[in-house]
Structure formats: structure tokens, C-alpha cells
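Here the structure comes first, spelled out in C-alpha cells, and everything after it is commentary.
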Amino acid sequence: MKKLLLTALCFSTTSVFAASQVLLETPVTYAPDASVVDQIKNECHIEDMLTRHVGDALRRINKTGDGTIASQTDAGGAKILRLQITHVLGVGGGAWSGPKATTVSADLLEDGKVVRHTKINRWSVGGMWGAFKGSCSILDRTTIVISKDLSRWVRDPSYEIKEEAPPKDASASEPTAQTDPASAAKAE
């Protein structure tokens, strides 16, 4: 009797864990109106960086698989995280051409319906030895931070991703996807 009860308990907890999995939908795409310099888009492959880092974060949360699922594939009860790149601030020249930023729009889907949405923007100037890093390396740092924020966001419905202000090195004249009219007026 104890073995039967233990077996039933194991199966019930396994299905609970399986249902709570979150998988990143691949491929990560660019929004139709995404603002990205073609050179950065073609050389850095931000979508691959996000797939790797966010997929790894979800794999660690799920404790199984690779954390990703191909678009149009049956999720088998798992929630789906859909990312779209909406803006990438960066040109060639590494840290010498100023700070870099990546902005993504994230939807958490359950049974094909959006249950949560957020937008996240992260900046980097390259960190230690930033002056010796290329633009793609600096943008990769932004995708790592995005993956950490999103892993917490998918686990905790009360967690709100805070807007990150540009580094003090950022020029007020640089266009950003996150500039609102009030802060633009203050900057001028």
C-alpha cells in the first residue's frame, strides 16, 4: 500500500513539474519595425545570443531539456516565452562608438494565449576592459542580463522588470526605443 501511495505521489508531482515548464520559442525574431543597424544585425546575430542565454536560463529552471521549442511545435502543456527584438542601439567600433543596448518584447503564452507581457531594455558599455571589446561582445553582455531578468520574470508573476536608464556615457542625442517625451524634454 505504501509503495502504491508513493508511486502515485511521484507521478502527480512529475506532472506538476512538467506543467510548470517554460520554453523559449525559437527562432527569436525581429519585430517588423525593429530599429537595428544592418551591420550589427548581420554580424552579431542578437537573436542567436538571446536563444542561447535565455534558453540556458530556462533549461536550468526546468531542470530538463534545452529550454527551447521550435515555433509551431506542440508545447505539451508547457508555457511558451516568445521574444521579439524591437531595438538594438549599437554600431561598429566597440566601446569607442558609445554604449550599446538591446530591447526585447516578451510574451508568456499558456495554451496559445498571452498571459503576461513585458518589454525589457538593457545597456552596457563593455564592463572591465570594455574599450578593448567589439560591439558584438558588448551586446552579448546585454543579452546575458536580459536572460537573467526574464528567468526571474517567468518564475515570479509579481516581479516587474524595471526600466534601465542609459549609462552616463550615453549621448542625449542618441535615439533610443525607450525615450519618452517627458525624459526627452529634460535631456534637451
Mind checking whether some residue in the stretch 144-152 is part of a loop (DSSP other than H, G, I, E, B) and either at pLDDT 50 or above or touching a Lys or Arg at 6+ places or on another chain (Cβ under 6 Å) (or both)? no
Residue 101, sole failed condition from (1) exposed (fewer than 15 other Cβ atoms within 10 Å of the Cβ); (2) closer than 13 Å to residue 135 by Cα; (3) of a type in the set (Gly, Ala, Ser); (4) modelled with pLDDT of 90 or more: (1)
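Of everything in the stretch 25-41 that's more than 30 Å from residue 77 (Cα to Cα) and exposed (fewer than 14 other Cβ atoms within 10 Å of the Cβ), which residue is modelled with the highest pLDDT? Even if it seems obvious, please write down each step before you answer.
Filtering the stretch 25-41 down to residues more than 30 Å from residue 77 (Cα to Cα) leaves 33-41.
Narrowing further to those that are exposed (fewer than 14 other Cβ atoms within 10 Å of the Cβ): 33, 38-39.
Numbers: 33: 95, 38: 92, 39: 90.
Here the residue is 33.
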Lone qualifier among 86, 73 - being within 22 Å of residue 106 (Cα to Cα) and at pLDDT 95 or above: 86
Please enumerate the residues belonging to the stretch 42-89 that are part of a helix (DSSP H, G or I), among the polar types (S, T, N, Q) and surrounded by 18 or more Cβ atoms within 10 Å (Cβ to Cβ). 51
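The values are calculated or read from the model by the stated rules, or taken from the named source; none is laboratory data. Values in this document were obtained by computation on a predicted structure and should not be read as measured data. No Cβ is skipped: glycine too gets one built from the backbone with ideal geometry, and neighbour counts run over all protein chains shown.
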